Amino acid sequence: MCSFYFVKFVTFFIVFGVVLGKISRRLPADGPLYTEKPPWLKACKRTDPNLSKCLNEMFVQMFPQLAKGIPQANISPFEPLYLDSVSVSKGSGPITLAGSFINLTVVGPSNATPTFTSMDIPNRKMHSGIFFPLLDIKARYNLKGNILVLPLVGHGTSDLKLIKVDTNVLSDLSFPKVEGREILQIDHMNVNFKVGGMRVNLRNLFNGNEVLGQTLNSFLNQNSNEIITDLSESIGQSLGDILKELMNEVFSKIPTDLWLLEDDEEPSSQIQEI
């Protein structure tokens, strides 16, 4: 019983916290709006019967550029993705735990593939899918608490690999105006996902007791799929928060008159970016 609660909660902390938990991230200052369509941005017509196909092609075309970042528009790169810290705490019941992960580096988002995209403009909804072959997260962690009657203390470095992450995302949209021009804003995301596998390594658990540390890491890896499935709803909510932040950082700089056009609109083109 003790091992089950311990493993389940630590896995919750790792997956929900490190990858998808309460985050602190340095965001760039507000950047200028694009005034003309950059060459990497595909434009779509709102009334196009093949709008879904066009939008998905647009996202596929955008990803390599966004992975590098766009300094001129203060759009930060998401490869690697840096997070200052994440924290999760549980203060009552048979399990009490407090801790944090700092200096997180996430490698792999740039290899993502948009699998489908559809947008219901009148009802302000977007349905999309993103497939990540691998997300590789490295960080420093510090945990302290009690699992039933057992103390838990650990601090050190951690590695987490999430393999074949397939997401299904439903977004609520709005179209506010900035400087008189309409932008797309994602107000809420609901994320469902499947993970093909997970590998975890927490170093220096139990104050450096290698036997207990290796036992726990092995147990986590052997039972990862079952535990992730059990926690999928909570993980999906937090994953939505991070994806929403990343997408809004981009689309706040790209007015819809450059990529989501009315029938009578044609996007301006430019040779050089802003």
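With a cut-off of 13 Å on the backbone N, the residues of the range 100-139 near the modelled label site 7 Å out from LYS164 along Cα-Cβ are 132-134. So, R0 is 51 Å and r is the distance between the beta-carbons of SER52 and ARG140; what FRET efficiency does that work out to, to 0.05? About 0.75, to the nearest 0.05.
Which pairs, out of LYS138/LYS194; LYS42/LYS138; LYS68/LYS144; LYS53/LYS194; LYS42/LYS68; LYS45/LYS164, put more than 27 Å between their alpha-carbon atoms? Mind showing how you got there, number by number?
Values: LYS138/LYS194 21 Å; LYS42/LYS138 34 Å; LYS68/LYS144 37 Å; LYS53/LYS194 23 Å; LYS42/LYS68 18 Å; LYS45/LYS164 33 Å.
From the list (LYS138/LYS194; LYS42/LYS138; LYS68/LYS144; LYS53/LYS194; LYS42/LYS68; LYS45/LYS164), the Cα-Cα distance tops 27 Å for LYS42/LYS138; LYS68/LYS144; LYS45/LYS164.
Taking the fewest neighbouring Cβ atoms within 10 Å as the starting point, the ordered list for HIS188, HIS155 is HIS188, HIS155.
Summarising the label geometry, the points placed 7 Å from Cα in the beta-carbon direction at GLU266 and ASP172 lie 3.9 nm from one another. The length gained on full extension between ALA67 and THR229, counted as 0.36 nm times the residue separation minus their Cα-Cα distance, comes to 55.4 nm.
Rule-based calculations on the coordinates, nothing more; no lab input. Please read these numbers as outputs of a predicted model, since none were measured by experiment. Note that each Cβ is placed from the backbone with ideal geometry, even for glycine, and that neighbours are counted across all protein chains shown.
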